């Protein structure tokens, strides 16, 4: 079954103004691509490769932002939960008001600033397609906020993820030197 997905939200929420504004504010962050039937607390076996943020609209200008690992929303107090803090910091820098989170929060709640509603010209082509009258026939061509971005394959995603884990671990134990070993000259050679 080939169901439709959208980056950073379910297809059902993809045209919501607050969701669009949140995806623009989170430009450059990894957006999860999920279907409308995706259960973020108990993903199906074919949904366990999903990783990234998703945005769900709430009342008024409020959105909930989740981080998914292996298709499941992660709590703030788990091994990958610090990503919620990073997303909160990023949204705050973009002018959003982020509500305080509990240690066990599953998502963050943020209020959209009034001026973030993007005019039609600022929308990406796939967002304009979603707002078109016949949404089901619109092509889903892009997976990031950059229309010219190359689509990453699973090898690129896994390599980037492994590099993030190594960097985080080395930063934690104080062995990170600010560059990869492959970028350093070997002993007995001089850099050219």
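Worth a mention:
- From the list 76, 4, 103, 72, the one residue that fits, being loosely packed, with under 13 Cβ neighbours inside 10 Å and touching a residue at least 24 places away in the same chain (Cβ under 8 Å), is 103.
- The range 16-34 - residue that is touching a strand residue (DSSP E or B) at 6+ places or on another chain (Cβ under 9 Å) and in a loop (DSSP other than H, G, I, E, B) and, of those, surrounded by the fewest Cβ atoms within 10 Å (Cβ to Cβ): 16
- Failed condition for residue 87, given (1) under 16 Å from residue 55 (Cα atoms); (2) buried (at least 17 other Cβ atoms within 10 Å of the Cβ); (3) modelled with pLDDT under 90: (3)
- Among the strands (runs of 3 or more DSSP E) confined to the range 47-119, the ones with at least 2 residues that are assigned by TED's automatic domain parsing to the domain that holds residue 18, touching a strand residue (DSSP E or B) at 6+ places or on another chain (Cβ under 7 Å) and more than 20 Å from residue 11 (Cα to Cα) are located at 108-111.
The values are calculated or read from the model by the stated rules, or taken from the named source; none is laboratory data. None of the values given here were measured: they were computed from a predicted structure. Counting neighbours? That spans all protein chains shown, and the Cβs are built from the backbone with ideal geometry, glycine included.
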